[in-house]
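*Asks:* Quick one: structure below, then a few questions.
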């Protein structure tokens, strides 16, 4: 009886030890029931392709607004919404952050998400059918909603 209890204790300790040293692997996409994209932070080489694609789509929509912060404008060129957070996306995020008076670090965290969501919601509410930028505005708005804005 003592030997069985001792073996059980050893196995339980071994399981805890393996759990403590095994690497934690993040899923490649947020689970359906998990928090929306806006609850996560994204930077270069982020792997959440659908959320990164939404970020890229909203960044492209932001070109419609041509906003500035202390003379720093947001360039009018668009990036490919391919779901890969590479150097081009990082560069666009930095330009967007600077145009919104945020620190241009290239990381999409809570403050950047707030501004991206503002853009998506504003475009969805203010660009009317028939306007030249209507298709871009609707795509941007849908990406915002899909992200949890």
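The values are calculated or read from the model by the stated rules, or taken from the named source; none is laboratory data. Because the structure is predicted, anything quoted here is derived from the model rather than measured. For neighbour counting, all protein chains shown are included, and Cβ atoms are generated from backbone atoms with ideal geometry for every residue, glycine included.
*Asks:* Out of region 74-117, which residues are within 13 Å of the chain's Cα centre (by Cα), without any contact (Cβ under 8 Å) to a residue 24 or more places away in the chain and either surrounded by 18 or more Cβ atoms within 10 Å (Cβ to Cβ) or over 19 Å from residue 143 (Cα atoms) (or both)?
*Replies:* Within region 74-117, 112, 115 meet the criteria.
*Asks:* Can you name every residue in region 118-138 that is in contact (Cβ under 8 Å) with a residue 24 or more places away in the chain and either surrounded by 17 or more Cβ atoms within 10 Å (Cβ to Cβ) or in a loop (DSSP other than H, G, I, E, B) (or both)? Give the derivation first.
*Replies:* If we filter region 118-138 for residues that are in contact (Cβ under 8 Å) with a residue 24 or more places away in the chain, which is where we start, we get 119-123, 127, 133, 136-137.
The answer is 119, 120, 122, 123, 127, 133, 136, 137.
*Asks:* Another question, if that's okay. Can you tell me which condition residue 29 does not meet? The list is (1) at pLDDT below 95; (2) part of a helix (DSSP H, G or I); (3) under 15 Å from the mean Cα position of the chain (by Cα), and all the others hold.
*Replies:* It fails just one condition, (2).
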